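Inspection log for the structure reproduced underneath, given as structure tokens.
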Amino acid sequence: MQFPILLPNIFNYPFTYESNLNLSVGDFVEVPFGTSKKIGVVWNEFEKKNEKNFKIKRIIKKLDIPKLNIKTLNFLNWFSEYNLISKGMALKMTLLSGKPIGKFEDKFYKVFQIEKKKNLYRLTKDQKVSLNEINNSNQNFNVHVLQGTTGSGKTIVYFEALKVILKKGYQGLIMLPEIGLTNQFEKKFLEFFGIEPAIWHSGISKKNKEIIWSGIVTGKIKVVIGARSALFLPFKKLGLIIVDEEQDQSYKQDEGVIYNARDMAISRASFENIPVNLITAVPSVETFQNIKKKKYKLSKLENRYQNASLPNYEIIDLNNAKMEKQSWISNEIIEKVNIHLKKKDQILFFLNRRGFSPNVLCKKCYDSFSCPNCSINLVYHKRKGNLLCHYCGYKTHLERNCKKNRKCEFIFSGPGVERISEEVKKKFPNKIVEIFSSDTMNKKSSKDKLEKITNNEIEILVGTQLISKGFHFPNLNCIVVIDIDLSSNGHDLRSAEKNLQLYHQLSGRAGRTGKSATIYFQSYNINNNMISDITNKNPENFLEKEIRIRKINNLPPFQRFISLILTGDNENKLEKEALRFKLFLENKISGKILGPVNAPIFRLKRKYRVRLLIRGLKTLKLQNSLAKLIPKYKFTSGIKLSVDVDPISFN
């Protein structure tokens, strides 16, 4: 008997094998492939239109592992079609290192099953109403948005909803946008449920991943908390998906297999025929539009937990402010921060730039320090003592020979968090200061740092946007935004939306336990509409405006964008190829082709980059036509194509 076997590799179709074994769709098997042996899955369709004569090989053996269910297979087929990714690569994301994992003894799962002491939480009236609305719709597939002002207790509401699903014997998946969030979240989960959750992200050891994968496929692990890749785990009986901070653009995977995990979570829930809950303080424009169209249900938490008040806002006009030379903190801010420190408030200085300085140049020869692999400046990281490219990871020492006179003398233009930290330490010499960024908080020591911050042992934080993402610091009652103008630039259609969400999230870190809190915005542009949008307690006003602008201009979510990025070593050859590729596609697809244009970061990781943007209707027609055309086009040697469906970044 013949069987279609999909292998976790670049091929978009299963291979045909023979066997007398009793096999069914979803079974894991070992097969010969070339000169080696591979693990594959019995797929639900054969390869189409293969007219070559080839010898059909025999399946070696069936593996003793629970099979993938048909719902997962259907989701992977659709995922492949939607994102223009081969079926084999979609399957690879469900497996570990391209292979499934055998069974473990029960003792390995006990850490996820033994109940410890748990705290009892009393829900407020608002929380009870939202919970009832969620529970009433948590059957079959539907999308329910839980929107609540920061600090309103959204997490406890969806924990209660998940508890109901778990009692029915189902599994649950909670998705978080950043791995840095998992330490504090894990503690909160343990306090509520009394059991350890299984944590899944790139920093988890290979052995732990194997235990979790096996526990999920056998149904012995009930809850996974994870980043994007957790969505592809082979759940035996998935009952609920929760996407926390649904608006966060970290859910978009921009390299390798490109996809939006938030959107794919909704699709997986539809194939599983289970509910998905989206959690947010300020919805994404796409989610807001779906709420308006009544495609998604909505519950709202209007008040902060225990009626804690939202922070006050003050704008400091830097045009009139007294500033010392090479200083970024005004005298007025220093006075205000001292008042907060006397009240034992924790302080956050916020600047969304890592490192010490984003621009370094020599004041003698005027040489700037740019990355040799990418068309961007190197960022100086003083703590590490090097210049670093935040895109390709290139590192170099600061010292270099000057074209004019021996050694270069450096000018550092603009601040990063390290530079602000130095200034803060000078202004407040007796205070304990800590930098909070992805450079400092994705390490083993970050768990201890988080505890110290929570216990107010660290008095002043200097942080990037990482700090805005769901952390709970009970004593943080003063936030200073160093310069809002620095982060209001950008060449992307979502920059205003990103800023709104970032600063709403950031403000939500302050005043969470009832004490009066204030956010100070330093700005050279005090008439900026963005500040009034950010400080408005009703973000829907901004979202309504944004929806109108997008509709007039035929932008997402009203039309679909697909970005085609061509990369190559030779600039001239690449530009000619992009034009030739555009001519090949034109009049053959159901969409308008814009470009080609050089990508804003034209050179990345030693490759030049040119973009085409296709705009069309929100159906799968566009992907289907591209899926047929792209394999027929023969790219010049050395030129590679990447496809980004629903792009978020246009770098």
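So that you can scan it fast, the table gives a plain yes or no per residue for (1) farther than 22 Å from Phe232 by Cα; (2) within 19 Å of the chain's Cα centre (by Cα); (3) β-branched (Val, Ile, Thr):
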position	(1), (2), (3)
Glu160	yes, no, no
Gln171	no, no, no
Ile174	no, yes, yes
Pro177	no, yes, no
Phe193	yes, no, no
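List every residue pair whose Cβ atoms sit under 7 Å apart, with the two residues 6 or more apart in sequence or on different chains, where the first one lies in region 323-348 and is more than 20 Å from Ser413 (Cβ to Cβ) and the second, anywhere, is in a helix (DSSP H, G or I) and basic (Lys, Arg).
Ile334/Lys427
So which strands (runs of 3 or more DSSP E) stay within region 1-70 end to end and still have 1 or more residues that are within 25 Å of Ile216 (Cβ to Cβ)?
Strands (runs of 3 or more DSSP E) meeting the threshold: 2-6, 28-33, 36-42.
Out of Cys402, Cys392, report the one residue that is closer than 30 Å to Asp569 by Cβ and not charged (D, E, K, R).
On inspection, the qualifying residue turns out to be Cys392.
Got a number for residues in region 319-337 being out of contact with any helix residue (DSSP H, G or I) (no Cβ under 9 Å at 6 or more places or on another chain) and open to solvent by 30 Å² or more (accessible area, probe 1.4 Å)?
Selection size over region 319-337: 7.
Pick out the one residue from Ile339, Ile347 that is part of a strand (DSSP E or B) and within 30 Å of Thr454 (Cα to Cα).
Ile347
Of the conditions (1) in contact (Cβ under 8 Å) with a residue 24 or more places away in the chain; (2) of a type outside the set (Ser, Thr, Tyr); (3) under 30 Å from Leu388 (Cβ atoms), Ile630 clears all except one; give me its number.
Status for Ile630: all satisfied but (3).
Looking at region 224-237, which of its residues are touching a residue at least 60 places away in the same chain (Cβ under 8 Å) and open to solvent by 10 Å² or more (accessible area, probe 1.4 Å)?
Ser229, Lys236, Lys237 - these are the residues of region 224-237 that are touching a residue at least 60 places away in the same chain (Cβ under 8 Å) and open to solvent by 10 Å² or more (accessible area, probe 1.4 Å).
Does region 606-651 hold any residues that are open to solvent by 60 Å² or more (accessible area, probe 1.4 Å) and touching a Gly at 6+ places or on another chain (Cβ under 9 Å), and which are they?
Once the filter is applied, which keeps residues that are open to solvent by 60 Å² or more (accessible area, probe 1.4 Å) and touching a Gly at 6+ places or on another chain (Cβ under 9 Å), region 606-651 yields Lys607, Leu617, Lys621, Lys640.
Check Phe33, Phe11, Phe79 and return the single one that is open to solvent by less than 80 Å² (accessible area, probe 1.4 Å) and more than 30 Å from Phe561 (Cβ to Cβ).
Testing whether each residue is open to solvent by less than 80 Å² (accessible area, probe 1.4 Å) and more than 30 Å from Phe561 (Cβ to Cβ) leaves just Phe33.
Which of (1) open to solvent by 20 Å² or more (accessible area, probe 1.4 Å); (2) over 16 Å from the mean Cα position of the chain (by Cα) does Val276 not meet, given it meets every other one?
(1)
Just need a number here: residues in region 563-594 that are open to solvent by 60 Å² or more (accessible area, probe 1.4 Å), more than 24 Å from Tyr259 (Cβ to Cβ) and either in contact with a strand residue (DSSP E or B) (Cβ under 9 Å, 6 or more places away or on another chain) or not hydrophobic (A, V, I, L, M, F, W, C) (or both).
Of the residues in that region, 12 qualify.
Look through Gly638, Gly616 and report the one residue that is over 22 Å from Gly256 (Cα atoms), touching a strand residue (DSSP E or B) at 6+ places or on another chain (Cβ under 6 Å) and not aromatic (Phe, Trp, Tyr).
Within the list Gly638, Gly616, the selection yields Gly616.
Could we say that Ile316 is open to solvent by less than 20 Å² (accessible area, probe 1.4 Å) and within 19 Å of Tyr158 (Cα to Cα) here?
So Ile316 fails the test.
Applying the selection to region 1-30, what residues are in contact with a Ser or Thr (Cβ under 9 Å, 6 or more places away or on another chain), more than 18 Å from Asn74 (Cα to Cα) and among the β-branched types (Val, Ile, Thr)?
Ile10, Val29, listed by residue number.
Condition check: open to solvent by 50 Å² or more (accessible area, probe 1.4 Å), modelled with pLDDT of 90 or more and in a strand (DSSP E or B). Does Val597 satisfy that?
yes
Go through (1) farther than 30 Å from Phe412 by Cβ; (2) small (Gly, Ala, Ser); (3) more than 24 Å from the chain's Cα centre (by Cα); (4) crowded, with 18+ Cβ neighbours inside 10 Å for Ser309 and report which single condition fails.
For Ser309, the failing item is (4).
Count, please, the residues in region 207-264 that happen to be under 12 Å from the mean Cα position of the chain (by Cα), part of a strand (DSSP E or B) and under 23 Å from Val157 (Cα atoms).
Number satisfying all stated conditions: 2.
Give region 375-412 a look and list any residue that's open to solvent by 30 Å² or more (accessible area, probe 1.4 Å) and among the hydroxyl-bearing types (Ser, Thr, Tyr), or say none.
Hits for region 375-412 are Ser375, Tyr391, Tyr394, Thr396.
Looking at region 368-391 only, could you name the residues that are under 26 Å from Glu423 (Cα atoms), more than 23 Å from the chain's Cα centre (by Cα) and in a loop (DSSP other than H, G, I, E, B)?
Phe369, Leu378, Lys382, Arg383, Lys384, Gly385
Please name all residue pairs, on different chains or six or more residues apart, with Cβ atoms under 9 Å, provided the first residue is in region 463-484 and is at positive phi and the second residue is part of a helix (DSSP H, G or I) and surrounded by fewer than 24 Cβ atoms within 10 Å (Cβ to Cβ).
Gly470/Thr155; Gly470/Leu181; Gly470/Gln184; Gly470/Phe185; Gly470/Gln505
Taking Ile204 as the residue in question, decide whether it is open to solvent by 20 Å² or more (accessible area, probe 1.4 Å), under 30 Å from Asp439 (Cβ atoms), outside any helix (DSSP H, G or I) and at pLDDT below 90.
Yes; evaluated as a whole, the condition is true for this residue.
Return the residues of region 43-76 that are β-branched (Val, Ile, Thr) and either open to solvent by less than 20 Å² (accessible area, probe 1.4 Å) or at pLDDT 95 or above (or both); say none if nothing qualifies.
Ile59, Thr72
The values are calculated or read from the model by the stated rules, or taken from the named source; none is laboratory data. Predicted model, so just to flag it, every value in this text is computed and none were measured. Cβ coordinates were reconstructed from backbone atoms using ideal geometry, including for glycine residues, and neighbour counts include every protein chain displayed. Just the protein is used for accessible areas: all its heavy atoms, side chains included, with ligands, DNA and RNA removed. Shrake-Rupley method; radii C 1.70, N 1.55, O 1.52, S 1.80 Å.
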